[in-house]
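K.L.:
Structure provided below as structure tokens; questions to follow.
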Amino acid sequence: MAKQLTEKGCELIADETAGNILKDFPTRAASEEDFAEEFLDLRLAIKVVNSLEDGISFVNTYGSGHSESIITSNKKRAETFLNAVDASSVYWNASTRFTDGFEFGLGAEIGISTDRLHARGPMGLEELCTYKYQITGNGQWK
């Protein structure tokens, strides 16, 4: 995969362990800022973790809160990831590019939210609506 990515012009940014694994490919050393940045470019930050729990912690610290994915054949690990990762959409063996209002059946996507209230994830027209309640009374207080 590293060969294909670098041939396409992707910059590989690797922690020390990943850099050692990818020693035959051009990489640069990753910083904490690299893991927190959304690149919007042909750059990939790579971190090797020691356990599923470390991976979940890493994703919850540096992930977007929008969409995250795990690639595994282990159902138990996948379910743990799906339940523990804090994002609007979590995937198992699927691309996060499917996080889209149209794909979710919301119609045309009007926006995206990583907030927890009131809408989270892809937003259609209904998610942009708010309510205003007008209550009238005759002096009721109980």
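Read-outs: derived from the displayed coordinates by stated rules, not from any lab. Note that the structure is a prediction, hence the values are computed from the model and not measured. Note: ideal-geometry Cβ built from the backbone for every residue, glycine included; neighbour counts use all protein chains shown.
K.L.:
In debye, nearest 20: dipole of the chain around its Cα centre with unit charges on the Cβ of K, R (+) and D, E (-)? Kindly include the intermediate steps, with their values, before the conclusion.
P.N.:
Values: 14 positive and 22 negative charges, 100 e Å.
Around 480 debye, computed over the chain.
K.L.:
In what sequence do Phe58, Phe81 fall when counting other Cβ within 10 Å, fewest first?
P.N.:
Listing Phe58, Phe81 from fewest to most nearby Cβ atoms yields Phe58, Phe81.
K.L.:
Now a separate question. Under the definition of Cα pairs under 8 Å and six or more residues apart, what whole-number percent is the relative contact order of the chain?
P.N.:
14
K.L.:
Right, next: What are the radius of gyration and Dmax of the chain, computed over its Cα atoms and given in Å?
P.N.:
Calculated on Cα positions, Rg and Dmax stand at 20.6, 79 Å.
K.L.:
Another question about this same structure. Report, in cubic angstrom per residue, the convex hull volume of the C-alpha atoms of segment 1-48. Walk me through the intermediate numbers first.
P.N.:
Working: hull volume 3.2 nm³, N = 48.
It comes to 67 Å³ per residue, whole-number rounded.
K.L.:
Related question: Across the chain, where is the longest run that never hits GluC sites (Glu not before Pro) in a DSSP loop with at most 13 other C-beta atoms within 10 Å? The partial results should precede the final answer.
P.N.:
Working: sites that count: Glu38, Glu103.
Between exposed loop sites, the widest span is 39-102.
K.L.:
Checking the table Lys3/Lys76; Lys47/Lys76; Lys8/Lys76 against a 24 Å threshold on Cα-Cα, which pairs fail?
P.N.:
On the way: Lys3/Lys76 31 Å; Lys47/Lys76 22 Å; Lys8/Lys76 35 Å.
Over 24 Å apart, Cα to Cα: Lys3/Lys76; Lys8/Lys76.
K.L.:
Still on this model: Exactly which trypsin sites (Lys or Arg not before Pro) in segment 1-84 are in a DSSP loop and have at most 11 other Cβ atoms within 10 Å?
P.N.:
Lys8, Lys23
K.L.:
Let me ask another. Percent of Cα-Cα pairs more than 16 Å apart in segment 60-109, please.
P.N.:
On the way: 522 of 1225 pairs.
Across segment 60-109, Cα pairs with separations above 16 Å total 43 percent.
K.L.:
With the contact rule set at Cα under 8 Å and sequence spacing of 6 or more, what percent relative contact order holds for segment 1-48? It would help to have the intermediate numbers written out before the result.
P.N.:
On the way: 60 pairs, mean separation 22.0, N = 48.
Value for segment 1-48: 46 percent.
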